[in-house]
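See below for the structure under consideration.
Throughout, read-outs are computed from the coordinates displayed, never taken from laboratory work. All values derive from a computational prediction rather than experimental measurement. Cβ coordinates were reconstructed from backbone atoms using ideal geometry, including for glycine residues, and neighbour counts include every protein chain displayed.
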């Protein structure tokens, strides 16, 4: 029978039952491959219920560095009879199926290679506790894979020892389960798999982590001391990571007192209200949420925008509308974040594409919020946020100076005849502010969401209000010079493509696929809103520009058309919104099909 042959280039997919403890074993498999120097990108595809439904864990192993999701499975580890049919259908011809042969099955395919391992029987013979049997069954198949793929078991013994350091009672049975799988495969499945993992050096200067963990660490390095949040998938782990790193890095060594405050609020409204209050008081504070939370926080975002209070918010996007698909990814909050709240509001968005940028943009967000005295929204998504990626090591300069913006001291106030909170002295739209209690006589003002004049005094004078709104817009326009520039790769082709966020990994591969077919595109990855001149110029300099998005309504395209003053007929949408991370094959197929159809139409016209 035909066998797929490959070294360091394959997709393996684990099909399990949610709540069976499989995720940690599957993650351990990915970490073992990573430690051999081969890039990996694992994806945990899980349901939104607590336990019982099918769950999948997909790992792309790729020495070429293509970390985007890929269609087709080379090795399926099918542990859930409920999903056998669809799991087996995904296996490529010549691929491999590893399953629990304690119960024999007929899979209805004669073009795949079946690897029989009686996982349940092996665990029943060695472990008496039913719960441990369920858990260790996952470790047994990791052990079997370590033999079949030529990885060796030592890397996993090390990982088990590190995970349960100081807990010998847990190390011993886990290693035993690992060796059971390894030894069974060695004795019964020799030369049954032609997909192999070999040591490489592609991971030099790289780490394996996810965007939410990187963001939590970035907040600590940014000087954040307050987090108020309400749990919601997939943003919860941003706050949890912040807590984890604060407990390591923000505890006074002498007194053992915490130098941070964490509040799990009663809802999203309360969470962002606390964050605004903390920032107004001089702390660096943030919250994290997803689409439904953005909807609830919109009124408070308008308060922070109009009262000009620094605020940092992480939106880890998921499928919508309403409750939508809480455990699936999308880029569906672009417009609601850009214009969150009623009335004339425009918010600054930072759009990372990988965990390294999640770390860097988190630090940047607090500096921008303080400097511009406005909300900053980091627009990530479930794929970047919750899934691990092989990414560049984080860099930090100890010489980094936090930008606290225009904050007046007591000495500054002493030298002033009168303080006006909303007087634009420098003409850049950014006014001077004070922290509470700075001066006993000067510097106090009312912070209100209603219309106010330059001295923070309530007014219903429409001209004064218009003057205020015009000034605030000025600082938003100036922000285009401060936010991350787009990444442009151009050799002056007539056609281009715009993309952003989590589409980056697949876009890199798609551009290579298109190039091999003779379709050469210039590319631009947008990393922030407001857009700089670069976005306008890129579109103007091309006859045709594809805009790749993971939403139904072409939200980024609409935002560009609203803000960049470009010709709409130049822009062609490529849209994926099935909740799964977009693939290179989808992108390249959509673009090549459009171009082929356009060429046929032009020929017919002639």
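Below, the figures for the structure above:
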item	result
Gyration tensor verdict on region 66-122 (Cα atoms; rounded if a/c is under 1.5, prolate if a/b is larger than b/c, oblate otherwise)	prolate
Gyration tensor verdict on region 406-483 (Cα atoms; rounded if a/c is under 1.5, prolate if a/b is larger than b/c, oblate otherwise)	oblate
Label assignment, percent of Cα pairs over 42 Å apart derived from the structure, set (1) 24; (2) 35; (3) 31	(3)
Taking region 58-108 and dividing mean pair separation by its residue count, relative contact order in percent (alpha carbons under 8 Å, at least six apart)	34 percent
Sites residue 105 and residue 194 - FRET efficiency at Förster radius 25 Å, r taken between beta-carbons, to 0.05	0.65
Percentage, to the nearest whole number, of Cα pairs in region 209-392 over 25 Å apart	24 percent
Centre separation in Å (Cα based) which lies between region 148-183 and region 571-596	42 Å
Relative contact order (percent, whole number), region 131-200, Cα cutoff 8 Å, 6+ residue spacing	48 percent
Cα centroid separation - region 1-33 against region 253-275, whole Å	38 Å
Share, in percent, of DSSP beta bridges within the chain that are antiparallel, nearest 5	35 percent
Mean Cα-pair separation over length for region 487-605, i.e. relative contact order, pairs under 8 Å, 6 or more apart, %	30 percent
Region 19-118 shape via C-alpha gyration tensor axes, a/c threshold 1.5	oblate
Inter-centroid distance (Cα atoms) of region 79-126 relative to region 302-378, Å	44 Å
Ranking of 521, 413 by count of other Cβ atoms within 10 Å, fewest first	413, 521
Label point distance in nm, residue 448-residue 543, each placed 7 Å from Cα along Cα→Cβ	5.9 nm
Ranking of 500, 402, 34 by count of other Cβ atoms within 10 Å, fewest first	402, 34, 500
Computed [θ] at 222 nm, helices only, for the chain once each DSSP H run of length n ≥ 4 contributes -39500 (n - 2.57)	-12000 deg cm²/dmol
